[in-house]
Every structure is written in structure tokens, then in C-alpha cells.
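Heads up: the structure comes next, in C-alpha cells.
Every number here is computed from the coordinates shown, using simple stated rules; none is lab data. As the structure is a computational prediction, the values presented were derived from the model and not from experiment. Reconstructed Cβ throughout: ideal geometry from the backbone, glycine too, with neighbour counts over all protein chains shown.
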Amino acid sequence: MLFRQYFDHESYTYTYLIADPDSGEAALIDPVQDKTEFYLQQLGELKLTLAQVLDTHTHADHISANGLLRERTQCKTLLGVESQSTCVDRRFTHGDIIEVGALRITALHTPGHTDDSYSFHLNVQGQDYLFTGDTLLIRGSGRTDFQNGNAHEQYHSIKDILLSYPDTTLIYPGHDYQGRTVSTVAEERAHNPRLQVRDSNAYAELMAGLKLASPKMMDVAVPANQACGQSRV
Ligand SMILES: [Fe+2]
């Protein structure tokens, strides 16, 4: 597998490039609209064909590059069935397989941050990878107080689905605000402060106490992400 992790300094978003070197087919997970030219240059330099853009959920803090990349490369855009976006060629549901050349990505419905939140699992040569979007962050988790978020659901998504993978599974989150790039299931189970609670009620209490400000781009990003990157404001 050819794998790259890109960072957007404006929104602290991680974008992942996953490609099958034999076929030259590539997918991008959570690309940011402002970095479209950068991705196209990277794909060109690596001699890859962008086949698919996957978004883990409808983002409130940045505009997805999915619409623009589709225009420029004729790639397919994918989002979960729960998403309200009109910019979707294929809607995946829990357990669906997304093929990128010989690579097989499994979509995992992990609601809680939003109702359309998914994680992606991949096993390459015995190594498990989880791309957790904003469901599970390194030593944190995505907020659950808007976009049909639900802390109880998020607790179960993390505990019952994501942490059920082997201890050595690599966790690649949708954001990090402190420069951490990757973690593992064992590390998060032991050290993620949000996960040291006894049940979903205690988790919901912890999340309700966070009192977070709205993301500065929310009023622009959510409508734009439902309309192929076209901002209506
Ligand atoms: Fe998010």
C-alpha cells in the first residue's frame, strides 16, 4: 500500500491518501477544498489515478474537496447513507466494502459525533488500520453536541466497534490539535481520558460538561458540504 498523511493547518484536519501501487488506483479520505491543487500535484507526482473520495462524515469545520476533485478527476464521491449531501455517487452503510485496486476498505458506521459518522478499516499484510474521523481522536473524541450528535452512541461506537480491533491496530484520526499523528487501540484504551468511564451515562455526562464554542466555519461548512462544496452564504 502507498500511504500518505496530509495536514491542513487551517482546520487541523488530517487527510489520508491510500493507494494500490500495482494498479495505481488511489482514494483520499477527508480532503480539504483549499488543498485541492496540492492533492492533484501529489497524485500526479506519484502517478496515481484518484478513483474515490471518502468523507468520514459531514464536516462542520472545513469544506470537503469532494465536489472539486470529482470535477477535476472524474473520481467517485462516497459518504454514508445517513448523509444529507447531494454530492454523493455512492452511499455506504455499515459493513460495505470499498475497493481501491486490490485494497479492501470496510465502512464502519460509528455514529455519535454526527449521525453520519463512519470509520474505515483496512488490513494490509497483517497490519490493521482504522481511520476514525472525528469519532475517536488521539487522547480525545469528537464533540457530540450538534449535527445529531449523541454521546451514548459515540461511547458504543468507540467501545464496541473501534476498540474491538486488535491492540496493535493503528488509529489515524480526522484531526489533531497537538501534532500527534497516529495512535493504537491499546494506547487509546489505556490513556484516552474520555474512555476511563464506567458506562455510556458517565461518558455522556463528561461530554455534556465540555462547553465548547461552535466551530468558526460551521455556518458555512455544513451547507457547503451538503451542496458539493458550493457555499450558499
Ligand atoms: Fe467533524
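Descriptive notes on the structure:
- Estimated from helices alone, the mean residue ellipticity of the chain at 222 nm is -5500 deg cm²/dmol (sum of -39500 (n - 2.57) over DSSP H runs with n ≥ 4, per residue).
- Taking only the C-alpha atoms of region 68-171, Rg followed by Dmax gives 14.2, 40 Å.
- Ranked by how many other beta carbons lie within 10 Å on average, peptides 180-191, 76-87 from highest: 76-87, 180-191
- Estimated vicinal HN-Hα couplings, Hz - region 17-33 in sequence order (Karplus 6.51, -1.76, 1.60; Gly, Pro = x): 9, 10, 9, 9, x, 5, 8, x, 7, 10, 10, 10, 9, 6, x, 9, 3
- Each part gets one Cα centre, and for region 65-140 versus region 171-228 those centres are 17 Å apart.
- Scoring 56-64, 212-220 by mean Cβ neighbours within 10 Å over their residues and listing the highest first yields 56-64, 212-220.
- Antiparallel bridges, percent of DSSP beta bridges restricted to region 2-232 (to nearest 5): 70 percent
- From phi via Karplus (6.51, -1.76, 1.60), per-residue ³J(HN,Hα) for region 104-110 in Hz, x at Gly/Pro: 10, 9, 9, 7, 10, 6, 10
- Magnitude of the charge dipole, the chain, Cβ model with Lys/Arg +1 and Asp/Glu -1, debye to 20: 180 debye
- Cα-based shape type of region 45-95, given that a ≥ b ≥ c are square roots of the gyration tensor eigenvalues and the cut on a/c is 1.5: prolate
- Taking label positions 7 Å along the Cα-Cβ direction at both Lys216 and Ala186, the computed distance is 4.0 nm, reported to one decimal.
- Mean separation of Cα contacts under 8 Å, 6 or more apart, over the residue count of region 2-232: relative contact order %: 18 percent
- Distances between placed amide hydrogens fall under 5 Å for Lys76 paired with Gln52, Val53, all partners being 5 or more residues away or on another chain.
- Sequence-distant residues sharing a close amide H with Asp96 (under 5 Å, placed H): Ala107
- Projected onto planes of every orientation and averaged, the convex hull of the alpha-carbon atoms in the chain covers 11.6 nm².
- Proximity of backbone amide H atoms, modeled 1.01 Å from N, is registered between Asp128 and Leu170 at under 5 Å, excluding neighbours fewer than 5 places apart on the same chain.
- By definition, a body whose alpha carbon gyration tensor gives a ≥ b ≥ c is oblate when a/c is 1.5 or more and a/b is not larger than b/c, and region 1-116 fits this oblate description.
- For region 121-135, the Karplus equation 6.51 cos²θ - 1.76 cosθ + 1.60, evaluated at θ = phi - 60°, returns couplings of 10, 8, 10, 10, 6, x, 9, 8, 10, 10, 9, 9, x, 9, 6 Hz by residue, with Gly and Pro reported as x.
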